[in-house]
Amino acid sequence: MKTLFILIISVLSLQSLSAQSRDSTTAGTTKVPFEGYDLTWVNGQNRQTNFPMVVKDSAGEVVVTGMAYVDAYYNFNFHRPKDNTEVASNTVGRHNEMTVNLISLGLESYYHNFIGRVWFQTGNSLNFVQDADPSVLRGRNTSTANLRNLREAGAGYHFDKWYGINLEAGIFMSYIGLESYLTQENWSYQRSIVCDMTAFYFSGARLQIFPTKTLKTEIWLVNGWQTYNSFGKGPGIGNSTYFRPNENIQVVGNFYYGHDNRDQKIARFHHDNSLVIRYVNKKSSKGISQAAFSLNNHYGFQQGGGINPAHNYMLGTSLANRLWFKHNKLAWTLRGDYVANPGVYLGFQEYGLTPDPANNPVLKALAMNKYPTLQMYTFTSTVDIMPGEHVTFRIEYSFRGSNLPYYAGPGGTTSPTGFVDNSSTAFQPDLRKSENRVLFAVNFRL
């Protein structure tokens, strides 16, 4: 009841960090949410100001806006895992290879108040995002393959009330977490631990409300936590809220509650909040042209079905600072993350790769009804070269550590030979407590 009370209060008092809204018109007066605001600097937001893929009707009104996105990287892990597999990441999946991480093409329209969008996707990132949905195992007429190539799809209607109200249904990018599914929108390529452990998409319906120029709130009814289908007998519910008093400050609060486990007695609650502030804005400067920081905090837990939330929660934070130089053509970001994750709640798959509990510290502790507190920490330094707003070149160094073996060592996590067709039941993944990586990436977006 306490959890439900918190959620109800959040729905009444908070607002969202999600997709952009259409301009709304009331009584002949155009009301535009965040009118005149430059939001291209915000962590997790699109930095485009020019959208060349636009189709207009004979009256000059925009009918359709198109989007094209390509994201590729080369990642080098200094452990040099023999299977070239990067673990404990939903952003980077391969080592010592040129990888096309994501390709996306889409169309979006708000023509005559009718909302429609469809964004297709393919790329390596689908292997550890869409394919991880276990809800498709319940019943028949369900399959990840049916929807995995749709990044986002929705239909709805825009109401000219206040600064706009949108009602939509479909597949949407998650509102949980500060950072975006598209790495081009984030200050660093490797997402923070707290954001990498949370949902990337939801399937369901949302109501977006813009009561004032500076305020936006969304209420969600969804199938579950990053699921196309439903585990439970009822939908999950969520609220996403943000407040921008001016273009230099963003305050965000997000909540989720639902039964999205095979054991429908188990409920999940998750909350994150963030503060993003730009404290320097001198775009004409050849030195530091902009400077900003972001702070993102998370807390989530599971309860019911014999699970004690005191032993099954995730608590974490991420703090980043970014400096722009040379008229925003260059940028440097430093970020530090920390997560405490008892019971391996929302953890990655590494522990499940070790079949023998006697040789796996986490499985051994769980078998003895003990709950180890997995602690993870990350330091990331990212340099961006941005000759134009449609292209970003990145160089990034990451150090990741934990108090338990969690990251791939030289022996890899696949088999003694590194090939999945030479697996062995006696093989134990080579897991280490830390790793160092360097990454080179390029993003293109129209």
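Scanning region 259-290 for residues that are part of a strand (DSSP E or B) and among the β-branched types (Val, Ile, Thr) gives Val276, Ile277, Val280, Ile288. None of Ser274, Ser284, Ser318 is in contact with a Leu (Cβ under 7 Å, 6 or more places away or on another chain) and either open to solvent by 50 Å² or more (accessible area, probe 1.4 Å) or at pLDDT 90 or above (or both) except Ser274.
Taking first residues from region 395-418 that are acidic (Asp, Glu) and partners that are surrounded by 15 or more Cβ atoms within 10 Å (Cβ to Cβ) and in a loop (DSSP other than H, G, I, E, B), the Cβ contacts under 8 Å between residues at least 6 apart in sequence or on separate chains come to Glu396/Ser188; Glu396/Tyr189; Glu396/Gln190. The residues listed here are Asn50, Asn96, Asn43; of these, the one that is open to solvent by 60 Å² or more (accessible area, probe 1.4 Å), closer than 26 Å to Glu179 by Cα, assigned to a loop (DSSP other than H, G, I, E, B) and in contact with a Lys or Arg (Cβ under 8 Å, 6 or more places away or on another chain) is Asn96. Of the residues that make up region 384-403, is at least one modelled with pLDDT under 85 and either on the phi < 0 side of the Ramachandran plot or of a type outside the set (S, T, N, Q) (or both)? No, there is no match, as no residue in region 384-403 is modelled with pLDDT under 85 and either on the phi < 0 side of the Ramachandran plot or of a type outside the set (S, T, N, Q) (or both).
With respect to the stated conditions, Gln349 is open to solvent by 30 Å² or more (accessible area, probe 1.4 Å), modelled with pLDDT under 65 and under 24 Å from the mean Cα position of the chain (by Cα). Would you please name the residue that is least open to solvent (accessible area, probe 1.4 Å), looking only at residues in region 151-170 that are assigned to a loop (DSSP other than H, G, I, E, B) and of a type in the set (Phe, Trp, Tyr)? By that ranking, first place goes to Tyr163. Taken over region 222-247, the criterion of being surrounded by 19 or more Cβ atoms within 10 Å (Cβ to Cβ), in contact with a strand residue (DSSP E or B) (Cβ under 7 Å, 6 or more places away or on another chain) and among the aromatic types (Phe, Trp, Tyr) is satisfied by Trp225, Tyr228, Tyr242.
A Cβ distance below 6 Å, combined with a sequence gap of six or more or placement on separate chains, defines the contacts here; from region 63-78, residues that are among the acidic types (Asp, Glu) reach residues that are in a strand (DSSP E or B) in the pairs Asp71/Asn101; Asp71/Leu102; Asp71/Asn443.
The values are calculated or read from the model by the stated rules, or taken from the named source; none is laboratory data. Fair warning: this is a prediction, and the values are worked out from it, not measured in the lab. We place every Cβ from the backbone using ideal geometry, glycine too, and count neighbours over all the protein chains shown. Please note that ligands, DNA and RNA were not included when accessible areas were found on the heavy atoms of the full protein model with its side chains. Shrake-Rupley method; radii C 1.70, N 1.55, O 1.52, S 1.80 Å.
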